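Working notes, beginning with the structure itself.
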Amino acid sequence: MSELYGWTGKILRVDLTGGKVSTVDTAAYVPRFIGGLGVAAKIAWDELRPGVDALAPENMLFLMAGPLTGTLASGSSRVVVAGIAPQQHPSVFSRSGMGGHWGAELKYAGFDGVMVQGKAEKPVYLWVHDGEAEIRDAAELWGTGTYGTTSALRATHGPKTRVISCGQAGERLSRFACIQTETGNAAGQGGFGAVMGSKNLKAIAVHGALGVRVADPKGLLALCLNASREGQSPPPPPGARRWRGWWNQEPGPNFRRRKCGFCITPCSDGLFMDIPGETVPGVHTAAWQCWGYSTSFRAHVEARAMTADFGLNGWEISYGMIPWLQMCRQHGLIDKIDGLEIPIPEKLIENLEDVVPVSGAFLNMLLHKVAFREGELGDALADGSCYAAERLFGGKGAPLLDRIYPRRFGQTNHWNAHWGTGGSPYFPFWLVPVLQWVVDSRDPASDSTHQFTEHVLRYLPEHGPERGPLTFEQARAVCEKVYGTPYVCDPTPTYDHPEARALPAIFHHNRGMLVESLVLCDREQTRVFSMLTEDRKADTALMSKLFSACTGYETSEAELDRGGERVFNLLRAIDIRNHGRSREIDWQVAQNLTYPAFTDKVVLDLEQFAPMLDTYYELRGWDPATGYPTRAKLEALELGEVADGLEAAGKLSK
Amino acid sequence: MSANKTAVQQPSLPTLLAVQRAGVIQTDVKRCLVCRECEVACSLAHESECNPELSRIRIDANDFVAGLPDIRVCKQCDWPACYYACLGKWGESAIRIDERTGARYVDENLCRACGACVRACPLTPERPVIFDKKVGKKRIRFKCDLCKDRPEGPLCVEICPGKALTFIPAEERRK
């Protein structure tokens, strides 16, 4: 094809050491690697060698859009972030991402992605507009929070400029510093704000009027109008409120609802504006989403604003660090920080539910401490609990981490029935997210697990004490068609039918890779069930139809799924070659997940889980003994060069 | 007396200038989610590309300033100043009145790129609803046409997830 549709055709390559900006042709990587994460993974496979530190100039920071970014396809404003992630423990190549408007604006500015290498001598920012990019001095912005940086860059480049930036936390290389855009969206997990800080890159401002040309405008329009608007979860039972209380309040000068750009899927997201703080005079503006601090309303808005402005990953503080500090106090390791007592419950903390609220003053103090690395404690905590536990209290706090984190990730448990973050999956259904955690390089919920735990499980007729709208017959029939086995929806508490856990884990992980490569949002894709069709099966081919309409490459559902599988295997290969990933490490993650589930108190039985993991590897086309992909599998996925690379590293299974 | 007679025989100015009433897209900023789906849908339908800068409806919001967003779209005036301005200047108005919806729209083949309509619009300059795009060397104007060729009505109204937009047909519109 001579002309590209969907993709802009150019990826920006920025060498901050040499102060040079150049472009790479997207066509060299697509349609094989789709876009977004797929293209980032391919470039990382080619260019990132083993032994690179997350905060070294050699690390690459990818900010990638995909062929669907900036189009009418719902959820298409996101940007994928990839690189060696400092929050991961140890640091490995991983991914993050954010909604908002920046990803789409990058496409309108003429680029499919930005990859940043090297380190600038002095603080700089990148100004990307209408097919051009320049490195500019950011001396005046260094030391400013993300809110101030955004406003300053809008004053310079116009009010429509979209900005991503790192805050003071990223400048100080906090391992859980986020990349923030506006008030409410951030690439939170992964610590990529610190990667920006380590490169002396304060911000990337984008604006453009170039638009995204699509191959079949009428087809795309029809698809998007027909795409169901039922959202990720089934309609609530009569009388139940769909949204949390705060969502239902009347919008006015202090509150409005908001969404990411170009999305029609319901997703609770609001903005509180000009709310008086609890501890700091003045008013605060902060977005309100799925995560939050356990504290008063005013302190919450204030702390959220600080978290976003400093460029911190609030999830880690709220669900990881504060609970860990409370546990540490229960075990006599620490009482107070700066004279403020760490509040604790009477009983020993077993899961998130037991953790007690903290005051606004405590949050204010803690946020300042970690963002500015104040004192020995703040300096250690700024790297997140998993790294801090090695430095503080003679290492005695480290064993307490295990309830909260699979330590390998530096990210709290989420949607895997452990700890309590995420909703409530029950056995045997939580074996699916557990399998996903075991093989991934990060918390897989953000692109792959939500599809299963927040969509599939909520439609099932029987899921713990919860009841979805489908009948068992309907669910069985749909599961048979989508996964190839009807047992996916079978609630019998057993380790039988291992393929009924492995197949959905693989299906949704591959779909997650498509979400990250196209780039869409996992709140929107993939749906399995629908209340709008007779047989209750959603149109699972929607992503491939959108891809075909946007790019003009006619691609079937199966072909696109193979693309997702290709990206997943490529990421696995990077993890194996560069970071020593193997079955042994997968197994360590499983061993970390053996506390009683907070939903049903069931304990993962490792003896029965081992053959399930074998089945998973076999279905993946990987060697069960090592967890390495086989040459046959990689060649079937058109990844011959990856097979050669793994073989050269002695890490390929025959 | 004779002067009076002449006045009665000639059509009054309002009769001369009257144009068919139009429907309108009513906006409720409290329900706007700032997703800008309307912008990209509008540009896709009218210009065959996804580009908010080519949209006939615009959402303005700044997260850092308290308050509700602004939705900018043509009010389809009963007395359309844009239409008169073009008519008065060129004798034949490039702003046309659609028969079915009454929409005041720009005939792009007729537009002389003079900008008289933009200057005449009562919403200019604070909240412009007539935009321009480069066609060859000219800056052709474009504005909301109520999706006059779409029997189902305006696309933005249909796609808005917050239901912030409502289409009011001419006959139901408040006088």
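The Cα center of region A:144-204 and the Cα center of region A:432-447 differ in position by 27 Å. Footprinting exposure proxy ranking of A:His455, A:His368, A:His579, A:His101, fewest other C-beta atoms within 10 angstrom first, gives A:His368, A:His579, A:His455, A:His101. When each of A:Phe452, A:Phe427, A:Phe393, A:Phe262 is scored by the number of other beta-carbon atoms lying within 10 Å, the sequence from fewest to most is A:Phe393, A:Phe427, A:Phe452, A:Phe262. Values of log10 I(q)/I(0) for region A:1-135 across q = 0.14, 0.17, 0.22 Å⁻¹ run -0.61, -0.91, -1.43, by the Debye formula with one identical scatterer at each alpha carbon and no solvent. In terms of Cα atoms, the Rg and Dmax of region A:538-632 work out to 17.6, 50 Å.
Look at A:Tyr29, A:Tyr125, A:Tyr487 and count the other Cβ atoms within 10 Å of each Cβ; fewest to most, that gives A:Tyr487, A:Tyr29, A:Tyr125.
Among the listed pairs B:Lys75/B:Lys163; A:Lys42/A:Lys633; A:Lys545/B:Lys75, those with a Cα-Cα distance over 25 Å are A:Lys545/B:Lys75.
Rg and Dmax over the alpha-carbon atoms of region A:333-472 stand at 18.1, 58 Å. Below 12 angstrom from the Cβ of B:Trp90, what's the summed charge of the other residues (Lys, Arg +1; Asp, Glu -1)? Around B:Trp90, the charge tally is 0.
Which shape class applies to region A:111-204: rounded if a/c is under 1.5, otherwise prolate when a/b exceeds b/c and oblate if not, where a ≥ b ≥ c are the square roots of the Cα gyration tensor eigenvalues? Don't skip to the answer; put the middle values down first.
Numbers: a/c = 1.36, a/b = 1.23, b/c = 1.10.
In terms of gyration-tensor shape, rounded.
Would you work out the charge dipole size for region A:542-654 about its Cα centre, treating the Cβ of every Lys and Arg as +1 and the Cβ of every Asp and Glu as -1, and quote it to the nearest 20 debye?
On the way: 13 positive and 19 negative charges, 46 e Å.
So the magnitude is around 220 debye.
Please give the net charge around A:Pro624, taking every other residue with its beta carbon less than 12 angstrom from that of A:Pro624, where Lys and Arg add +1 and Asp and Glu add -1. Walk me through the numbers before you get to the answer.
Working: positive: A:Arg583, A:Arg620; negative: A:Asp586, A:Asp614, A:Glu618, A:Asp623.
Neighbour charge sum, excluding A:Pro624 itself: -2.
When you filter the trypsin sites (Lys or Arg not before Pro) in region A:300-381 for DSSP loop state and at most 11 other Cβ atoms inside 10 Å of their Cβ, you are left with A:Lys347. D for region B:38-175, whole µm²/s, Stokes-Einstein with Kirkwood Rh over alpha-carbon pairs at 10 °C and 1.306 mPa s: what number? Calculated translational D: 101 µm²/s.
Go ahead and estimate [θ] at 222 nm for chain A from helices alone: -39,500 (n - 2.57) per DSSP H run with n ≥ 4, summed, over the residue count, rounded to 500.
On the way: 20 runs with 215 residues, N = 654.
It comes out at -10000 deg cm²/dmol, rounded to the nearest 500.
Working from Cα pairs under 8 Å separated by at least six residues, relative contact order for region A:436-495 is 19 percent.
For region B:123-135, the Karplus equation 6.51 cos²θ - 1.76 cosθ + 1.60, evaluated at θ = phi - 60°, returns couplings of 8, 7, x, 5, 10, x, 10, 10, 10, 10, 9, 8, 10 Hz by residue, with Gly and Pro reported as x.
Secondary-structure-derived ellipticity at 222 nm for chain B, considering helices only, amounts to -6500 deg cm²/dmol, per-run term -39500 (n - 2.57) for DSSP H runs with n ≥ 4. Each Lys and Arg adds +1 at its Cβ and each Asp and Glu adds -1 at its Cβ; summed about the Cα centre, region A:302-415 shows a dipole of about 260 debye.
Taken over region A:609-653, the ratio of Cα radius of gyration to 2.2 N^0.38 Å equals 1.15.
Count the net charge of all other residues whose Cβ sits under 15 Å from the Cβ of B:Lys138, scoring Lys and Arg as +1 and Asp and Glu as -1. Local net charge: +3.
Placing +1 on the Cβ of every Lys and Arg and -1 on the Cβ of every Asp and Glu, with nothing else charged, gives region B:1-152 a dipole about its Cα centre of roughly 540 debye. Taking the square roots of five times each eigenvalue of the Cα gyration tensor of region B:18-91, the equivalent ellipsoid has semi-axes of 27, 17, 12 Å, listed largest first.
The HN-Hα couplings worked out from phi for region A:108-123 by the Karplus form 6.51 cos²θ - 1.76 cosθ + 1.60 (θ = phi - 60°) are 5, 7, x, 10, 8, x, 10, 10, 10, 10, x, 9, 6, 5, 10, x Hz, whole numbers, x standing for Gly and Pro. For region A:278-374, the residue among A:Ala308, A:Gly292, A:Val356 whose Cα projects farthest onto the positive side of the dipole built from Cβ charges is A:Ala308.
When Rg and Dmax are taken over the Cα atoms of chain A, they come to 23.3, 69 Å.
Whole number please: convex hull volume per residue, Cα atoms of region A:124-273, in Å³.
On the way: hull volume 25.3 nm³, N = 150.
In region A:124-273, the Cα hull volume divided by residue count equals 169 Å³.
Read-outs throughout are calculated quantities, based only on the coordinates presented, and are distinct from any laboratory measurement. Everything quoted here is computed from the prediction, not taken from an experiment. Every residue, glycine as well, gets a Cβ built from its backbone with ideal geometry; the counts of neighbours run over all protein chains shown.
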